[in-house]
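This report refers to the structure that appears directly beneath it.
What follows draws every value from the coordinates through simple rules; no lab data is involved. Keep in mind it's a predicted model, so treat the numbers as computed, not measured. Here the Cβ is made from the backbone with ideal geometry for all residues, glycine too, and neighbour counts use every protein chain on show.
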Amino acid sequence: MSVEAHEIIPMPLPDPVGREESIPEAARRKLSSPWASGLVILITILWTVPTFGLLVTSLRPAEQAQNSGWWTIVTDPAMTLSNYSEVLTGGSVIPNGIAPYFFNSFAIAIPAAIFPLVIATMAAYAIAWVPFKGATFIFFTIFALQVIPLQMSLLPLLQMFNKGWSLGPIPIFPDMNKPGTEQSLFVGTYVPLWIAHTMFALPLAIFLMHNFINQLPRELFEAARVDGASHFLIFRKLVLPLSVPAIASIAIFQFLWVWNDLLVALTFAGGTPDVAPITAYLANIKGTYGAQLHLITAGAFIAIIVPLIVFFSLQRFFVRGLLAGSVKG
Amino acid sequence: MGELASGLVKIGTGLAAVAIVLGLLLLIFFIGARAKGRAQGPVAIIVFLGPAVLLLLYGLIVPAFRTTVGSFQNANGKNFVGFANYSWIFTAPGNSTFLINTVLWIVLVPLISTGIGLMLALLLDRMRRESISKSLIFMPMAISFVGAGIIWGLVYEYRDPSQVQVGLLSQVAMWLGIDNPPNWILWQPMNSFLLMIIMIWIQVGFAMVVLSAAIKAIPGDVVEAAELDGAIGWKLFSRVTIPMIRGTLIVVLTTIMIAVLKIFDIVRTMTNGNFGTQVVANEMYAQAFVQFDVGRGSALAVVLFVAVIPLIAYNVTQLRKERTIR
């Protein structure tokens, strides 16, 4: 089976947790060996230990966390939640807590996961089912836009939000300064982050949604059109409900992508507690308070717990979205 | 509790923005639905496609054009300087560090990640109870690069050998009889490889899951027929399994390569590009947003863009080919 994006949404992949019978049972038994199992268990441990070490360190008192290895918890089992309360609200060491950034991450990621999916589903419907000249051209152009790394867009977009754009004398994006100041209206708001994440997500989201919507049965649309339903009605009553599984998969992946993003956040949010997400805060305290292992680890665990909950509870969706979205950039 | 209240306000802001945008769209839908007869098609196209086209135009097409122009301009974008920024990238003393590192990253990380991922996929295919292992190895994929940087920063934590060790790697080295483990993050040129391990840690799960799906999709009768012909073990692997999943293997390799090419967060979090660990994507960020040299930053972005094109083009043709074969 290929990982071709076309197939990922419509065709559910084998559940990563369950298994499909492909090699006959007898053959598998013959091939399985304690040696292979041992190797897998060894790699599993190797892969899990670093994260486990982070969790243990975040639960140890400052003294133990900074002056002994986390594995010594076996002989010195002191544990505390005080690191979490200090890093959440701020304390004597790190004055500003992580809590505002944690909420910023939600405030950024929820709209930034929904906007591109809604807009992409609309565009995909138009390309697939509203007949017009140039539909194929638009589809392939959008597909080709995936090659543009977001690094190409950062500087011009930042300039657009801060100073506007004009083509010679013709303004193509107005200079939206606060009245009487040099400062853009967008500074200190989530708006540039929502817009930037939506823009960067669109090529892939449109491509994947098109592949899904394109495969819906033609009779469905023809019957609706014959009954006199407008495109808008068809979209709301037919396309949206039928697309929910595809939208969910891509939206979950997009949510995690935005939650984990640092580059877009640093560019468009700066580091202020008003809008910067948790990744920006973590990168910042890693540089400034790197020696405060008990607090850094607690902060990092707060940041990764949300993706981990999403990952373990929605693994099936996550895998589909990931396979589809892994070429995103 | 003030924190919680202001936090809820923030989430409320996000939800309100969603409600406003969806409400606006619904309103436009109702207006659009009033179009009658021949106007229906064009109105629908404008309403459905308009937002996406505008966002792509402003978000990708115009910026890509502007960045390309900017790459031929000086630091503040006032004068044209020809290819000066590009010749700076490839000839300035000191820049060979990030160029060589980037090449090492895009060669080693995809190969090693895919290699380990393939091995795991093969081993797991023979095991009955694979679920827990698979989930745990796949888990790093959900963790941000910054989070991964902190997780591995703890592993690489350095303490003087005379003191109690805090970092796992130093402790393991001492248990193995290396009495004087180096300060890992400062240990050139090995520190670049230690940063690559973080990326490998993240990408192995991706390779494993995708390749595992490909291996499971090999028809059972193909395997049985090969076994009847005496193909077992290495022969089965090299003559049957690998050719059957070749396309997927290449997609996994190139996909990781594209991700690695743009790697920024890990290097920035771990070393900020110091100690000989710089890579192109982080240099681009540093030039554009720390040095405020728009010309060099843009030129580095264009280099990334040009480097990504053949990978994606190859990926697409490979997928096309595979599609027509089936």
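Place a +1 charge on the Cβ of each Lys and Arg in the protein assembly as shown and a -1 charge on the Cβ of each Asp and Glu, then give the dipole magnitude about the Cα centre in debye, rounded to the nearest 20.
Charge dipole of the protein assembly as shown: 1480 debye, to the nearest 20.
Between A:F255, A:F186, A:F137, which gets the highest mean-square fluctuation from a Gaussian network model of chain A, Cα cutoff 10 Å?
Judging by the Gaussian network model, the answer is A:F137.
Quick check: pseudo-label points 7 Å beyond the Cα along Cα→Cβ at A:N96 and A:R218, how many nm apart are they?
Reported label-point gap for A:N96 and A:R218 is 5.8 nm.
With a 10 Å cut-off between alpha carbons and a GNM built on chain A, which of A:V306, A:V74, A:V87 moves the most?
A:V74
Of B:P181, B:A226, B:G276, which is farthest towards the positive pole of segment B:88-325's charge dipole, taken about the Cα centre with +1 and -1 on the beta-carbons of Lys, Arg and Asp, Glu respectively?
The residue sitting farthest along the positive end of the dipole is B:A226.
From the Cα gyration tensor of chain A, with a ≥ b ≥ c the square roots of its eigenvalues, which class applies: rounded if a/c is under 1.5, or else prolate if a/b is larger than b/c, or else oblate?
oblate
List the residues whose amide H sits under 5 Å from the amide H of A:R60, counting only those 5 or more places along or on another chain, with H placed 1.01 Å from N in the peptide plane.
Long-range HN contacts for A:R60: A:T80.
Cross-link list A:K163/B:K78; B:K134/B:K216; B:K216/B:K262: which exceed 21 angstrom alpha carbon to alpha carbon?
Cα-Cα > 21 Å for B:K216/B:K262; rest within.
Would you calculate, for chain B, the mean residue ellipticity at 222 nm contributed by helices, counting each DSSP H stretch of 4 or more residues as -39,500 (n - 2.57) and dividing by all residues, to the nearest 500?
Values: 15 runs with 222 residues, N = 326.
So the calculated ellipticity at 222 nm is -22000 deg cm²/dmol.
In debye, nearest 20, what is the charge dipole magnitude of segment B:104-184 about its Cα centre with +1 on Lys and Arg Cβ and -1 on Asp and Glu Cβ, if you could check?
With only Lys, Arg, Asp and Glu charged at Cβ, the dipole is about 380 debye.
State the Cα centre-to-centre distance between segment A:118-149 and segment A:194-228 in whole Å.
Spelled out, the Cα-based centre of one part sits 9 Å from the other.
Under 8 Å for C-alpha pairs, at least 6 residues apart: give me the relative contact order for chain B, rounded to a whole percent.
Once divided by the residue count of chain B, the mean separation gives 25 percent.
In a Gaussian network model over chain A where Cα atoms closer than 10 Å are linked, find which of A:A224, A:A298, A:A248 has the largest mean-square fluctuation.
Looking only at A:A224, A:A298, A:A248, the biggest GNM fluctuation is shown by A:A224.
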